[in-house]
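One structure is given below, encoded as structure tokens.
Values quoted throughout were computed directly from the atomic coordinates according to the rules given, and no laboratory measurement underlies them. If you're wondering where the values come from, they're calculated on a predicted model, not measured in any experiment. Here the Cβ positions follow ideal geometry from the backbone for every residue, glycine too, while neighbour counts run over all protein chains shown.
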Ligand code: NAP
Ligand code: WDW
């Protein structure tokens, strides 16, 4: 095994690579880009790939992974693949069907990690975002603990090696952890996390429960027009990241990724660009000092790029609590 592939043990005994490749992209970018980029990522040394039913690129990601298996670069067991239960499938009787749809698109017989994508369940049906005549997103009402029990069944059926959550706040995590008869704890909580929103409190809570925090938007997000305010600050233009990049002869992106690894966070990095994909794997080749880490901690301003403001009135809106 190569030194690039650093792993963390999850609370169920499986191992997750500390750096993951992000695969979300806006609709207007052609899906063929995802096939090419995912192959390049595996060639460059990425072994953890983060995707989701809702990203609508699981066919392409599956094709890329299977092609890298076919040419002998990796074996299936060398790849850590994450998918996510979409919000319109929270009813317990629908949970396994969403995972089976993903597996069929991927042509896999299991995923390594299956996450509840968000605590905000939506009305079941064909649409990813069901809307009423006024364009308002239609919610559903499902007990998160009932959804969790259906996730546990997916693990027992061998369709997911590990199960976890995403976009949950502390109270929502505690609801699962305190569920009577809990069979499996979530192994992770995947949330927005970067130097402007370092999630110190949520991270400490997760660490105390042996749950790993997985960071998305660690490079400042793709600033997707549907989700992110265009006037928000550009993370990679931050002068402190710039100064540390100069000091270590690396890029601001690598400083932002390395920061997460050194504080025990699993970090995702999305890129569709060959040069930047290959650059991001260099995160294992250098080290920040304690003082560098302190300077980076000082950048926190509790600034969120993805605010889910269209769903702020959802009963399970996670961002109403402090953390
Ligand atoms: P990100 O990882 O924060 O990356 C943002 C942008 O940084 C990319 O568009 C990329 O553009 C650029 N970039 C990458 N490497 C770079 C480098 N070395 N130098 C300069 N720029 C660089 O983006 P994200 O997609 O928002 O988040 C990562 C992943 O997290 C997603 O793809 C998805 O898998 C996951 N995610 C999950 C949720 C959830 O609700 N659970 C929400 C958001 C995201 P180029 O492609 O042009 O390089
Ligand atoms: C909850 C959580 C929708 C969409 C979404 C709801 C969600 C995502 C940026 C990257 C998601 C924002 C990809 C959209 C209701 N998460 N993406 O993963």
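Results, tabulated for the structure shown:
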quantity: The range 86-152 - Debye-derived log10 I(q)/I(0), Cα point model, q = 0.24, 0.26, 0.27 Å⁻¹; calculated: -1.05, -1.16, -1.21
quantity: Sequence ranges 12-23, 275-286, ranked by mean other-Cβ count within 10 angstrom, highest first; calculated: 12-23, 275-286
quantity: Candidates 60, 28, 226: whichever shows maximal mean-square fluctuation once the chain is modelled as a Gaussian network with Cα springs under 10 Å; calculated: 28
quantity: Span from the the range 131-201 Cα centroid across to the the range 1-42 one, whole angstrom; calculated: 21
quantity: Ranked packing of 229-238, 153-162, 107-116, most packed first, by mean Cβ within 10 Å; calculated: 107-116, 153-162, 229-238
quantity: Choice from 311, 120, 151 showing the highest fluctuation, given a GNM over the chain with Cα pairs closer than 10 Å; calculated: 311
quantity: The chain: most fluctuating residue of 99, 272, 182 per GNM, C-alpha cutoff 10 Å; calculated: 182
quantity: More than 38 angstrom apart: percent of Cα pairs within the chain; calculated: 9
quantity: The chain: antiparallel DSSP beta bridges as a percent of all, rounded to 5; calculated: 20
quantity: Ordering of 30-40, 206-216, 122-132 by packing [mean C-beta count within 10 Å, highest first]; calculated: 206-216, 30-40, 122-132
quantity: The chain - mean residue ellipticity at 222 nm from DSSP helices (-39,500 (n - 2.57) per run, n ≥ 4, rounded to 500); calculated: -10000 deg cm²/dmol
quantity: Whole-angstrom gap from the range 58-98 to the range 251-323, using each part's C-alpha centre; calculated: 24
quantity: Among beta bridges that DSSP assigns inside the range 188-281, antiparallel share in %, nearest 5; calculated: 10
